Amino acid sequence: MQTILVINSKGGCGKSTISANLASYYAAGGAKTAMIDYDPQGSTMHWLSARPAHLPHIHGIHACKPRNGLTRVWQMTVPPGTECVVIDAPAGVTGTKFQEMINRADAIVVPVTPSSIDIHATSAFVRDLLLIGRIRRAGIRVCVVANRVRRHAPQYEPLKRFLASLGIPFVTSLADSDNYIAAAESGMGIHELDRDETSFEREQWLPLLRWLSAPDQGEGGGEGRPRLNLVSMSR
Ligand SMILES: Nc1ncnc2c1ncn2[C@@H]1O[C@H](COP(=O)(O)OP(=O)(O)O)[C@@H](O)[C@H]1O
Ligand SMILES: [Mg+2]
């Protein structure tokens with residue numbers, strides 16, 4: 001089982017969008033997939049509720065909503081045989097919830113939007129992640145993904161240099177695209193929409209999916225952890 005945590009201290013950078021698209025990609029590729037929604041607003045749970053019944057099932061857990069008669073441990077347990085778990089983090093999470101999410105993660109994806117405020121905040125967040133989360137010691141891999149990038153993207157160079165100095169890859173840039181909105185509204189991911197209409201977006205996802213399936217040797221110290229394979233999408 002591989003657990004991917006999508007997190008940043010900022011709201012609106014695309015955590016839920018990227019979580020949903022990751023889960024739908026792996027589920028559509030045949031992996032038994034679960035999502036854990038740590039956001040009290042429950043946007044992942046909302047997305048799952050819109051998911052058409054004929055598409056591969058994704059098991060949803062709402063981490064912030066205690067369920068009657070279940071202990072927390074039971075509530076947070078994914079079904080037996082689950083191969084992929086995607087955790088959608090809320091903005092500004094700290095303390096035990098933050099540590100609980102980190103403890104489960106094999107890989108962490110940090111989305112950042114093209115705003116100088118977000119870029120600055122993301123540098124601070126990544127630094128905190130390394131320090132407070134002790135992720136290096138735990139062998140958890142981290143990457144950063146630019147999201148909602150428009151044609152005239154701002155300067156990511158200072159962030160890229162900062163990440164490079166920490167050995168953290170800036171793996172891809174995802175465009176600002178109506179296809180993500182269309183997919184979100186219908187409980188799907190872009191890999192489940194028409195292939196021709198989403199070829200541009202799919203191309204941009206490849207570096208992230210490759211990074212999740214085949215890490216650079218020696219980077220992040222995560223060797224020996226299970227990996228999700230790149231899946232061939234038939235649609
Ligand atoms: N690449 C994208 N293209 C277009 N809209 C996007 C993209 N990523 C996110 N959005 C939209 O931006 C808003 C915030 O994204 P969301 O994933 O909810 O962020 P977060 O979970 O980090 O708060 C949502 O309305 C979402 O549909
Ligand atoms: Mg969200």
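The values are calculated or read from the model by the stated rules, or taken from the named source; none is laboratory data. Nothing here was measured: the structure is a model prediction, and the numbers come from that model. When we count neighbours, we look across all protein chains shown, and the Cβ atoms used for this are built from the backbone with ideal geometry, even at glycine. These accessible areas exclude ligands, DNA and RNA; they are computed on the full protein's heavy atoms, side chains included. Shrake-Rupley method; radii C 1.70, N 1.55, O 1.52, S 1.80 Å.
Structure notes:
- His54 paired with Asp176, simple spin-label distance in nm, labels 7 Å along Cα-to-beta-carbon: 3.4
- Computed accessible area, Ser123, all protein chains, 1.4 angstrom probe, square angstrom: 30
- Within the same chain, lysines fewer than 8 places from Lys97 are excluded, and of the rest, those with a Cα less than 26 Å from its Cα are Lys10, Lys15, Lys32, Lys65.
- The order of Cys13, Cys64 by accessible area, most exposed first and with a 1.4 Å probe, is Cys64, Cys13.
- Largest-first ordering by accessible area, 1.4 Å probe, given options Phe162, Phe200: Phe200, Phe162
- Of Leu174, Leu70, the residue with the largest accessible area leads and the full order is Leu70, Leu174 (1.4 Å probe).
- q = 0.09, 0.16 Å⁻¹: log10 I(q)/I(0) that the Debye formula gives for the chain, counting C-alpha atoms only: -0.34, -1.18
- Divided by 2.2 N^0.38 Å, where N counts the residues, the Cα radius of gyration of region 29-90 comes to 1.11.
- Only Lys, Arg (+1) and Asp, Glu (-1) charged, at Cβ; the chain dipole about Cα centre in debye: 660
- Rolling a 1.4 Å probe over the protein heavy atoms leaves Ile117 with an accessible area of roughly 120 Å².
- With DNA, RNA and ligands ignored, accessible area of Asp176 (1.4 Å probe; Å², nearest 10): 50
- Helix-only CD estimate at 222 nm, as mean residue ellipticity for the chain, using -39500 (n - 2.57) per DSSP H run (n ≥ 4): -11000 deg cm²/dmol
- Here the relative contact order of region 130-191, from alpha carbon pairs under 8 Å that lie six or more residues apart, stands at 36 percent.
- Rounded to 5, percent antiparallel among DSSP beta bridges of the chain: 0
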